[in-house]
Amino acid sequence: MPLDDAQMRLAAEIGRQLLGRGLRVATAESCTGGLVAGAITAIAGSSDWFERGFVTYSNAAKSEMLGVPAELIDRHGAVSEPVAAAMAEGAVTSSAADCALSVTGVAGPGGGTATKPVGMVCFGWIVRGRPPRTATLHLPGDRAAVRDASVDAALSGLLEVVGEVPL
């Protein structure tokens with residue numbers, strides 16, 4: 001999925017903000033399957049501020065790679081703010097990054113339920129030493145549109161969280 005101009009500008013601004021603060025970021029993705037990391041690494045020089053990406057599509061991968069407790073997934077479901085927070089925390093803990101973002105959701109066309117419909121996506125953002133921030137969005141459109149909008153939301157949230165770190 002090619003990046004649009006707005007995503008390129010957003011990823012480049014994230015890079016400037018991270019570099020200015022001496023921070024590096026990691027991503028933990030499920031429904032986006034690495035698209036956020038792809039947006040970040042489309043920016044020349046991103047190796048100076050992107051530490052690594054985790055694509056944890058299965059629940060087992062979330063637990064094994066990011067340390068998300070299986071009980072948390074059982075209790076809240078993989079598509080939940082508690083799991084998004086744990087994924088972001090796990091990405092920081094399992095890397096040398098200073099901050100992280102996470103994305104977990106139902107991109108469709110199948111897999112939705114009455115309580116977790118297609119288009120429901122949960123996000124997490126964290127800066128090491130600070131509590132995580134989470135959000136849930138209900139995004140319209142087909143699978144590609146949900147995934148694309150998820151990249152936008154993940155990057156926008158990261159820019160906001162990073163912007164709160166003093167220079």
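Tabulated data for the structure shown
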{"read-out": "Residues (part of a loop (DSSP other than H, G, I, E, B) and out of contact with any strand residue (DSSP E or B) (no Cβ under 8 Å at 6 or more places or on another chain)) located in the stretch 1-30", "value": "Met1, Pro2, Leu3, Asp4, Gly22"}
{"read-out": "Within the stretch 106-132, tally of residues that are in contact (Cβ under 8 Å) with a residue 24 or more places away in the chain, small (Gly, Ala, Ser) and either in contact with an Asp or Glu (Cβ under 7 Å, 6 or more places away or on another chain) or at positive phi (or both)", "value": "2"}
{"read-out": "Qualifying residues in the stretch 108-150 (those that are closer than 13 Å to Ala78 by Cα and of a type in the set (Gly, Ala, Ser)) - the one nearest to the chain's Cα centre (by Cα)", "value": "Gly124"}
{"read-out": "Meets criteria (out of contact with any Phe, Trp or Tyr (no Cβ under 7 Å at 6 or more places or on another chain) and among the hydroxyl-bearing types (Ser, Thr, Tyr)) for Thr56", "value": "yes"}
{"read-out": "Flag if Gly33 is touching a helix residue (DSSP H, G or I) at 6+ places or on another chain (Cβ under 9 Å), surrounded by fewer than 22 Cβ atoms within 10 Å (Cβ to Cβ) and assigned to a helix (DSSP H, G or I)", "value": "no"}
{"read-out": "Conditions (1) without any contact (Cβ under 8 Å) to a residue 24 or more places away in the chain; (2) part of a strand (DSSP E or B); number of the one not met by Phe54", "value": "(1)"}
{"read-out": "Of the criteria (1) farther than 19 Å from Leu3 by Cα; (2) buried (at least 23 other Cβ atoms within 10 Å of the Cβ), which one Arg24 fails", "value": "(2)"}
{"read-out": "Residue list for the stretch 57-85, restricted to those being in a loop (DSSP other than H, G, I, E, B) and among the polar types (S, T, N, Q)", "value": "Ser58, Ser80"}
{"read-out": "Elements of type strands (runs of 3 or more DSSP E) in the stretch 88-165, at least 1 residues being aromatic (Phe, Trp, Tyr) and buried (at least 22 other Cβ atoms within 10 Å of the Cβ)", "value": "120-127"}
{"read-out": "Only one of Ala91, Ala107 that is farther than 18 Å from Leu18 by Cα and not charged (D, E, K, R)", "value": "Ala107"}
{"read-out": "Residues located in the stretch 75-132, provided they are farther than 29 Å from Gly163 by Cβ and not hydrophobic (A, V, I, L, M, F, W, C)", "value": "Arg75, Gly77, Gly108, Pro109, Gly110, Gly111, Gly112, Thr113, Thr115, Lys116, Pro117"}
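Each reported figure results from applying straightforward, stated rules to the coordinates on display, with no laboratory input. These numbers come from a predicted model, not from an experiment. When we count neighbours, we look across all protein chains shown, and the Cβ atoms used for this are built from the backbone with ideal geometry, even at glycine.
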